[in-house]
Amino acid sequence: MLLLKEKFSKILLALVVFSQLFVLNSCNEKSSSSPKLVKFIVKLKVKSFNYNIYLSGNNAALGNWNPKAVPMEKISDSEWTKTVKINEGEKIEFKANSGHWWAEPLDSNLNLYDNFKLQVVRDTTLIINMFGWSNKIINNIPVLYPDRFLPQRSPLVLDNLWKYHPGDNLDWKNLNYNDSLWVQTDSYLNWTKDTDPKWENIGWFRFHCYADSSIWNTTLAFSISQFGASEIYYNGKLLFSCGKIGNSSESSKPLQNRKWMEFKVDPQYYQLFAVRYSNYKWKDQLDQGFNPGFAIYIKDMNTILNSLQENLSSFVINQTTYTLIPLILFFIHLFLFIFYPKQRQNLFYALSLLGFAGITYFGYQKSIAVNTASIILYYQLNEVSVSVTVFFGLLTSYAIDYIKFPKRWLAFFIAFVILSIWGFLHPIDSGILNYFFFGITAVDIIFSAFNVKGKKKFRGSWIIFIGLIILVIFVVYQVLIDYRLLPMPFGINQVFVYGMLALIISMSLYLSFNFAFINKGLEKQLANVKILSAKTLEQERIANKLELERRILDIENDRKTKELESAKELQISLLPQNVPAIKNLDISCYMETAAEVGGDYYDFFTSGPNNLTAVVGDATGHGLKAGNMVIVTKGLLNIFHDKEEIDEILRRSNHAIKKMNLKMLTMCLSVLRINNNKIQYSSAGMPPLLVYRKKTNSVEQVILKAMPLGAFYDFPYQKTEFEISKGDICLMISDGLSELFDRDKDILGIERISEFLKNSAFKSGEEIVRDIRIKCKSWSGDSPLHDDLTIVVLKLMENNS
């Protein structure tokens, strides 16, 4: 799926490549071609499958990407090496592999390595640290095993190693059918070579694999991406059908799939996926640049379920936002042109904004549509929208800069028409042409900015300049993110859009600035004749402008308010709806947030009739960032809460949060586990646990000093264990309670809270929480709440009721 962000990053990349080719072609110096020794060392950092390791690359010495051409020498169980001769100055790309592209090395984050690149200038030693294999394969047959479906791993893609046969026979779904004479190929149907199989509108694909016994009866999620119609059989049983397979183009109904389905791994070693597939329009799709085949994706079910709601919400918000803003500005500048036709730049800019709205809208629609004809149409309209945006953006520049359009505008118009037609007929293959068109247009706009001949007086150019600088910064940032040179900020992977919005706003401000300037000039000319009328018109113009700006701000504020309200609803939904019922244990809790989305969090996990794990957390800051950290923490606790040692829960959660590279975001967390009268307690940067002892009518403070989760990777979190008696109370709080301010900016403090607890200890848990809240309200008065406030009371009851 081509995302909108890819277009702009590729534009910048294409311009860089063109400039490099120009420099290389203009250079007359030739580098020496004397061979250099390059030593490759692969170090296995974890115990892995017993594969031999091979080297593959882009020249003859590296096997021309043949995975088995260059075997490496085994030095030990954890180290392999190979030395080859490479000509000095030669640029090489290479990867290590298992002798088969199905199993490739993984980095420390369990992701596939990109191709390594090197320009050889001297004898060199290269070390590749390997932390596992992408997949497991035995005797050329893939293996399904538990670690392949860890939450942090990407989905398993079944797009190769398929056995294919044209025609249609339902016996081909059977597990024991002999397909040894079938050809092995990929499933994309992009078969254009003479040696490729021949597609005959309908055929069968069979994928053989083994299943490790430890994954038997495990529920997994699968999805299929396709441009035809399919029936998926698993071990001879129909698993899922998408579209309708027919005997002709008229009776067949292709359909794209956007759903994830579940299936349970059969308890047997040998497994078979068989796909009955038809596509009668494959030639047209190939001509338009699409892959007419299919690919199957498999992922662990929990990760899919957890991501569905988040992805859907983000998708709707992004599509609505990035389509609505340019559409609003389109109508604004269209009406500005209608009201004052002499400013043609408003018309051209409105059409450019309409094209940008089309890029965002069609770019998102093509990723959710299921009808293949609609998907192709969205791709076509998306490419046409790119041409519209670029061309009318150029005309906007001409209308701003020139009194009369330069003659070269006609050449750009012809190019625009040709690119629009070509983009509609060949939407996939037209991308590079649009990038080139964008590059030439950008050069022309820069040239126009410095060419003063025949130009208007350029007023307010600094406004556009600021917008361009912001756009360049965000586009460069986007490229660095795409090539994994910088992390995504706050999980946002489309930062370039903010640069585009900055440019749109700056251009709109510039046009408004010039519009205002012209009106002021007219008013000055009419001042001597109609002074009173001019003042009235000026007041109306200012009022209309302010009203227009107010409406734009109202729309933006409404959007942000709705976004925060949705985030708050999601945050509240993460809290437990009811406290668990534990024998002889009175549980009560309360939380009050200081922002729309709070940073405090509490939760309960049970394992057995008398075993309860209670947690109280406090994320750094407030608002959406803190809410995101709470979501991350809840997901981790759902995975780790049943660990035998509660300090292990903190250590594992800390490792996971630190690996997410959330910058300055951390999570304070306290964990208390109670089993009958036995208590385990551990803390990561939270206030002390208060324990009321009925026998002595005293309150103890359990203090465990530690850093918040996400601060240091290997922080040694500790735990403490003790027992309580009937009538004893454990009070867990966040620092919003202990650091509550009164009117004089004095804090409430642990000692006062301890006194509150002791005075109410004879009451129920709910009454204790109520008393503490009343006393806190009396302490703070009308002062606003500066931090989230959380209270959890656990009281061991004195009877069996």
Inter-residue pairs, beta-carbon under 7 Å, first closer than 29 Å to Asn661 by Cβ and in the range 81-109, second outside any loop (DSSP other than H, G, I, E, B) and open to solvent by 70 Å² or more (accessible area, probe 1.4 Å), 6+ apart: Glu93/Lys117; Glu104/Leu112; Leu106/Leu112
Inspect all residues belonging to the range 619-639 and state whether any of them is surrounded by fewer than 19 Cβ atoms within 10 Å (Cβ to Cβ), more than 25 Å from the chain's Cα centre (by Cα) and of a type in the set (Gly, Ala, Ser). no
Residue pairs within 7 Å by beta carbon, gap of at least six or interchain, first lying in the range 751-777 and under 16 Å from Ile587 (Cβ atoms) and of a type in the set (Gly, Ala, Ser), second open to solvent by 30 Å² or more (accessible area, probe 1.4 Å) and part of a helix (DSSP H, G or I), listed first then second, are Ser760/Glu767
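Is it the case, given these coordinates, that Trp191 is out of contact with any strand residue (DSSP E or B) (no Cβ under 7 Å at 6 or more places or on another chain) and within 15 Å of Tyr277 (Cβ to Cβ)?
Numbers: out of contact with any strand residue (DSSP E or B) (no Cβ under 7 Å at 6 or more places or on another chain): yes; within 15 Å of Tyr277 (Cβ to Cβ): yes.
When the stated conditions are applied, Trp191 passes them.
Restricted to the range 427-438, and to residues that are surrounded by fewer than 17 Cβ atoms within 10 Å (Cβ to Cβ) and part of a helix (DSSP H, G or I), which residue is modelled with the highest pLDDT?
Filtering the range 427-438 for residues surrounded by fewer than 17 Cβ atoms within 10 Å (Cβ to Cβ) gives 429, 432, 436.
So of that shortlist, the ones also part of a helix (DSSP H, G or I) come out as 432, 436.
Working: Ile432: 76, Phe436: 81.
Taking the candidates together, the pick is Phe436.
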Would the range 599-611 turn up any residue that is crowded, with 20+ Cβ neighbours inside 10 Å, at pLDDT below 90 and in a loop (DSSP other than H, G, I, E, B)? yes
Scanning the range 413-426 for residues that are under 16 Å from Thr389 (Cα atoms) and touching a residue at least 40 places away in the same chain (Cβ under 8 Å), which turns out least open to solvent (accessible area, probe 1.4 Å)? Gly423
Of Lys366, Lys342, which residue is open to solvent by 10 Å² or more (accessible area, probe 1.4 Å) and among the charged types (D, E, K, R)? Lys342
Please find, among Leu106, Leu112, the residue that is within 30 Å of His655 (Cα to Cα) and surrounded by 16 or more Cβ atoms within 10 Å (Cβ to Cβ). Leu106
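Can you find, within the range 155-194, the residue that is least open to solvent (accessible area, probe 1.4 Å) among those that are of a type in the set (S, T, N, Q) and outside any loop (DSSP other than H, G, I, E, B)? Don't jump to the end; show me each part of the working.
From the range 155-194, those of a type in the set (S, T, N, Q) are 160, 169, 174, 176, 178, 180, 184-185, 187, 190, 192; that's our starting set.
Narrowing the set further to residues that are outside any loop (DSSP other than H, G, I, E, B) leaves 184-185.
On the way: Gln184: 89, Thr185: 14 Å².
Only one residue fits best here, namely Thr185.
With the condition being more than 30 Å from Lys163 (Cβ to Cβ), I'd like the strands (runs of 3 or more DSSP E) fully within the range 56-151 carrying at least 1 qualifying residues. Before the answer, list the steps.
Working: elements: 73-76, 79-87, 91-97, 116-119, 124-130, 136-138, 141-144.
Because the criterion is at least 1 residues that are more than 30 Å from Lys163 (Cβ to Cβ), the strands (runs of 3 or more DSSP E) in the range 56-151 that meet it are 73-76, 79-87, 91-97, 116-119, 124-130.
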The range 360-376, residues that are farther than 9 Å from Gln319 by Cβ and among the aromatic types (Phe, Trp, Tyr): Phe362
Among the residues in the range 403-410, are any open to solvent by 30 Å² or more (accessible area, probe 1.4 Å) and within 31 Å of the chain's Cα centre (by Cα)? no
Read through the list (1) surrounded by fewer than 17 Cβ atoms within 10 Å (Cβ to Cβ); (2) closer than 22 Å to Tyr297 by Cα; (3) in contact with a strand residue (DSSP E or B) (Cβ under 9 Å, 6 or more places away or on another chain), then give the number of the only condition that Gln152 fails. (3)
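Of the residues Ala527, Ala543, which single one is farther than 30 Å from Glu767 by Cα and either basic (Lys, Arg) or modelled with pLDDT under 75 (or both)? Steps first, please.
Details: Ala543 fails: either basic (Lys, Arg) or modelled with pLDDT under 75 (or both).
It is Ala527.
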So which residues in the range 448-471 are at pLDDT below 75, part of a helix (DSSP H, G or I) and either out of contact with any Leu (no Cβ under 6 Å at 6 or more places or on another chain) or exposed (fewer than 13 other Cβ atoms within 10 Å of the Cβ) (or both)? Ser448, Ala449, Phe450, Ser461, Trp462, Ile464, Phe465, Leu468, Ile469
Filter the range 277-301 down to the residues that are open to solvent by less than 60 Å² (accessible area, probe 1.4 Å), under 12 Å from Gln226 (Cβ atoms) and not hydroxyl-bearing (Ser, Thr, Tyr) and list them by number. Asn279, Trp282, Gln285, Phe290, Pro292, Gly293, Phe294, Ala295, Ile296
Of all residues in the range 546-591 being among the small types (Gly, Ala, Ser) and either closer than 30 Å to Ile768 by Cα or not in a helix (DSSP H, G or I) (or both), which is modelled with the highest pLDDT? Ser588
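Determine, yes or no, whether Ile679 is in a strand (DSSP E or B), out of contact with any Phe, Trp or Tyr (no Cβ under 8 Å at 6 or more places or on another chain) and closer than 22 Å to Lys763 by Cα.
Details: in a strand (DSSP E or B): yes; out of contact with any Phe, Trp or Tyr (no Cβ under 8 Å at 6 or more places or on another chain): no; closer than 22 Å to Lys763 by Cα: yes.
No, not satisfied.
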Just one of the numbered conditions (1) open to solvent by 60 Å² or more (accessible area, probe 1.4 Å); (2) touching a residue at least 60 places away in the same chain (Cβ under 8 Å); (3) hydroxyl-bearing (Ser, Thr, Tyr) is not true of Tyr361; which one? (2)
Within the range 221-247, can you find the residues that are surrounded by fewer than 20 Cβ atoms within 10 Å (Cβ to Cβ) and within 19 Å of Asn135 (Cα to Cα)? Ser223
Write out, first by first residue and then by second, each pair whose Cβ atoms fall under 7 Å of each other, whose residues are 6+ apart or on separate chains, and whose first residue, in the range 295-318, is farther than 30 Å from Thr185 by Cα and assigned to a helix (DSSP H, G or I) while the second is modelled with pLDDT under 85 and among the acidic types (Asp, Glu). Ile317/Glu563
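Looking at the structure I just gave you, is Tyr270 open to solvent by 40 Å² or more (accessible area, probe 1.4 Å), within 30 Å of Ser214 (Cα to Cα) and in contact with a Pro (Cβ under 8 Å, 6 or more places away or on another chain)? Outline the logic, then answer.
Details: open to solvent by 40 Å² or more (accessible area, probe 1.4 Å): yes; within 30 Å of Ser214 (Cα to Cα): yes; in contact with a Pro (Cβ under 8 Å, 6 or more places away or on another chain): no.
For Tyr270, the condition - open to solvent by 40 Å² or more (accessible area, probe 1.4 Å), within 30 Å of Ser214 (Cα to Cα) and in contact with a Pro (Cβ under 8 Å, 6 or more places away or on another chain) - is not met.
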Given the conditions (1) under 20 Å from Asp618 (Cβ atoms); (2) touching a Lys or Arg at 6+ places or on another chain (Cβ under 9 Å); (3) among the acidic types (Asp, Glu), every one holds for Asp782 apart from (1)
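Could you say whether any residue in the range 115-132 is under 15 Å from Val275 (Cβ atoms) and not hydroxyl-bearing (Ser, Thr, Tyr)?
Taking the range 115-132 first, the residues under 15 Å from Val275 (Cβ atoms) are none.
No: zero hits.
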Keeping to the range 612-652, report how many residues are modelled with pLDDT under 85 and not in a helix (DSSP H, G or I). 7
Tell me whether the range 376-384 contains one or more residues that are of a type outside the set (Lys, Arg) and in contact with a Lys or Arg (Cβ under 6 Å, 6 or more places away or on another chain). yes
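Of these, Leu55, Leu118, which one is in contact with a Ser or Thr (Cβ under 9 Å, 6 or more places away or on another chain) and farther than 21 Å from Tyr210 by Cβ?
Just one listed residue meets the conditions, Leu118.
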So, of the residues in the range 248-267 that are in contact with a helix residue (DSSP H, G or I) (Cβ under 8 Å, 6 or more places away or on another chain) and within 24 Å of Gln380 (Cα to Cα), which turns out to be surrounded by the most Cβ atoms within 10 Å (Cβ to Cβ)? Pro254
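The values are calculated or read from the model by the stated rules, or taken from the named source; none is laboratory data. Note that the structure is predicted; figures quoted are calculated from it, not measured. For neighbour counting, all protein chains shown are included, and Cβ atoms are generated from backbone atoms with ideal geometry for every residue, glycine included. Just the protein is used for accessible areas: all its heavy atoms, side chains included, with ligands, DNA and RNA removed. Shrake-Rupley method; radii C 1.70, N 1.55, O 1.52, S 1.80 Å.
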